[in-house]
Amino acid sequence: MSRNSEIVVTPGMQCYIDKNKKYLAARDRYIREEVKRWKFDTIAVHGLYTVQDAIEDYQGAIIEPIFMSSSQAYRDSDEMAAALAYLIPTWCYSRIANPSTYYYEWTLALLDGYGYPGETSCCSTSSGMAAIMTAVQPFLVNRTHNKLEPRNFVATAQCYGGTFQQFNVRLMEERDIECRWVLDAGNLDEWASKIDGNTRFLYGELPSNPGLGFFDIKAVADLAHGHNLPLICDSTVATPALLRPICFGADIVVQSVTKTLSSSGFGICGAVIARKNLTSNIENEEMKNDFASYVKYLPNRDYGPNLHPMQAVMALNDMRTLRSKVDLMSRNAQRVAEFLENRAEVESVQYLGLPSHPLHDLAGRYLWLVDAEHDELYGKPVNRYGHLLSFCVRGGPEAARKMFDRLQRIWRATDLGRIKSVATIPAISTHLQQGERGRTLAHIPPNLVRLCVGAEHPDDIIADLEQALRGK
């Protein structure tokens, strides 16, 4: 590991340590006694940025400042020594941390931990792919210092193309770390059959991109914990507005914040949110006690997948209205899916909100609009199934491409989760590199179109789809 075990704490350092203990105790008390009592929307709007912070430190700015600085100055050598030994809160260098990313991380930790009675923490990353790397690498160390030690992990085959490449190429082909793909994530026996003494973690994406795969989080988490393994979930499509896997037993959540969480599309960012005291068969107590802080200050300090402070605050601003945007886009997607289901030109529609979807009932147990029961509009729990859907165009890949090329209002791009509706053909874009075999594993036929429904009026999206399908 890399913390210096020979640090000598001087009296001057101890003064800074004592002062910051009081600060941290006050902040923890504020979270426990105040922030944890707030509703989801209030947390999304305010996070941990307070009026007191603004007035005392930032000249009254009501929006979190952007700290466009590469490094932090210290009052004296004692403060610097305490900070660089991580004995007091610090950001020291923006490759490691920055005040702007702190506010982003604190907010995401609270949102993905909303409703969870324990503590959560977050590590920001430069992208969703960096978040996946950050989440899995600490579990793939050599436990016996034997470079030939066999290692494996178990993951859902229905996943984003970039995830498939990271696991299949970067880990399996280049590092000989075996990824054991689960073809039917709803089959708990299949998960169990792939676990052995060399397994390090279980990984699942839900709802999956683009096939809308889903699984029973609690059952898989219980299975993982029974083998002393963590469950890592990619919850990018749902966001904490619809699903918070940690509340159901998951240890770590990966977010490509680029997507639905920051729906504007202004930049790339990611995050890893973890519950404290997670489960693992790796003997590293510091990592298990506070995974997100551990990876932030140690592995990611050295790998450097840092998030720019400008992007942190832009994403934070996007997240303030997360619940209402996800509600709107989900309702729009529901209408669009129902329209497509009744079109002769469409072979099949994959949307978890359709009663005809084989995973509809399972998804309905987990996907709920957060705080709908406290909402004046609803006043009761409400299922919402997200903005992502996919459909297969009748007539094969050529018919799908012709329909796709006729779209006028819907953007042709590889993005998702945008405030604007965006479509792509995964077989020639997001999942092209994983090859035909990989696409078969993930149930991605060549005539499948992925559609992420935005915040436009659904009538206009439906009209665009109608003319594209009709071809006149």
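Here is how the numbers come out for the structure above:
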| item | result |
| --- | --- |
| Qualifying residue in the stretch 338-360 (condition: on the phi > 0 side of the Ramachandran plot and either out of contact with any Cys (no Cβ under 6 Å at 6 or more places or on another chain) or assigned by TED's automatic domain parsing to the domain that holds Gly213 (or both)) | no |
| Odd one out for Gly115, checked against (1) surrounded by fewer than 18 Cβ atoms within 10 Å (Cβ to Cβ); (2) under 23 Å from the mean Cα position of the chain (by Cα); (3) outside any loop (DSSP other than H, G, I, E, B) | (3) |
| Members of the stretch 384-440 that are on the phi > 0 side of the Ramachandran plot and free of Cβ contacts under 8 Å to residues at least 12 places away in the same chain | Gly435 |
| Subset of the stretch 92-109 (residues that are part of a loop (DSSP other than H, G, I, E, B) and surrounded by fewer than 19 Cβ atoms within 10 Å (Cβ to Cβ)) | Cys92, Arg95 |
| Sole residue being under 22 Å from Leu441 (Cα atoms) and over 17 Å from the mean Cα position of the chain (by Cα), chosen from Lys147, Lys194, Lys218 | Lys194 |
| Which listed residue, of Ala109, Ala44, is closer than 26 Å to Pro305 by Cβ and in the same structural domain as Val313 (by TED's automatic domain parsing) | Ala109 |
| Residue in the stretch 424-445 that is part of a loop (DSSP other than H, G, I, E, B) and closer than 15 Å to Ala337 by Cβ present | no |
| Filter result (over 19 Å from Trp191 (Cβ atoms) and part of a helix (DSSP H, G or I)) within the stretch 141-167 | Gly161, Gly162, Gln165, Gln166 |
| Residue in the stretch 130-150 that is crowded, with 19+ Cβ neighbours inside 10 Å, at pLDDT 95 or above, out of contact with any helix residue (DSSP H, G or I) (no Cβ under 7 Å at 6 or more places or on another chain) and more than 30 Å from Trp106 (Cβ to Cβ) present | no |
| The listed residue being modelled with pLDDT under 95 and aromatic (Phe, Trp, Tyr), out of Tyr49, Tyr16, Tyr58 | Tyr58 |
| All positions within the stretch 342-380 that are over 22 Å from Arg323 (Cα atoms), in contact (Cβ under 8 Å) with a residue 12 or more places away in the chain and part of a loop (DSSP other than H, G, I, E, B) | Arg343, Ala344, Glu345, Ser356, His357, Leu359 |
| Test for Gln158: is it crowded, with 17+ Cβ neighbours inside 10 Å and at pLDDT below 95 | yes |
| Filter result for Arg331 (more than 24 Å from Ala219 (Cα to Cα), out of contact with any Ser or Thr (no Cβ under 7 Å at 6 or more places or on another chain) and part of a loop (DSSP other than H, G, I, E, B)) | no |
| Lys420 vs. criteria under 28 Å from the mean Cα position of the chain (by Cα), farther than 22 Å from Pro207 by Cβ, at pLDDT 95 or above and part of a loop (DSSP other than H, G, I, E, B) | no |
| Failed condition for Asp361, given (1) in contact with a Gly (Cβ under 9 Å, 6 or more places away or on another chain); (2) closer than 22 Å to Phe214 by Cα | (1) |
| Only one of Arg450, Arg409 that is part of a loop (DSSP other than H, G, I, E, B), of a type in the set (Lys, Arg) and within 24 Å of Thr258 (Cα to Cα) | Arg409 |
| Residues within the stretch 263-285 that are basic (Lys, Arg) and either closer than 21 Å to Leu87 by Cα or at pLDDT below 95 (or both), tallied | 1 |
| Helices (runs of 4 or more DSSP H) fully within the stretch 1-85 counting 1 or more residues that are surrounded by 15 or more Cβ atoms within 10 Å (Cβ to Cβ), in contact (Cβ under 8 Å) with a residue 24 or more places away in the chain and out of contact with any strand residue (DSSP E or B) (no Cβ under 7 Å at 6 or more places or on another chain) | 11-33, 40-46, 77-84 |
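Let's see how each residue does on (1) among the polar types (S, T, N, Q); (2) at pLDDT 95 or above; (3) closer than 20 Å to Leu451 by Cβ:
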site: Asn198; (1), (2), (3): yes, yes, no
site: Asp216; (1), (2), (3): no, yes, no
site: Ala221; (1), (2), (3): no, yes, no
site: Asn228; (1), (2), (3): yes, yes, no
site: Cys233; (1), (2), (3): no, yes, no
site: Ala241; (1), (2), (3): no, yes, yes
site: Leu261; (1), (2), (3): no, yes, yes
site: Met287; (1), (2), (3): no, yes, no
site: Asp290; (1), (2), (3): no, yes, no
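Yes/no matrix, rows are residues, columns are (1) of a type outside the set (A, V, I, L, M); (2) surrounded by 18 or more Cβ atoms within 10 Å (Cβ to Cβ); (3) under 26 Å from Asn168 (Cβ atoms):
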| site | (1), (2), (3) |
| --- | --- |
| Thr414 | yes, no, yes |
| Gly417 | yes, yes, yes |
| Ala423 | no, yes, yes |
| Ala427 | no, yes, yes |
| His431 | yes, yes, yes |
| Glu436 | yes, no, yes |
| Ile444 | no, yes, yes |
| Cys452 | yes, yes, yes |
| Leu465 | no, yes, no |
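The values are calculated or read from the model by the stated rules, or taken from the named source; none is laboratory data. In this text the structure is predicted, and so the values were computed from the model without any measurement. Counting neighbours? That spans all protein chains shown, and the Cβs are built from the backbone with ideal geometry, glycine included.
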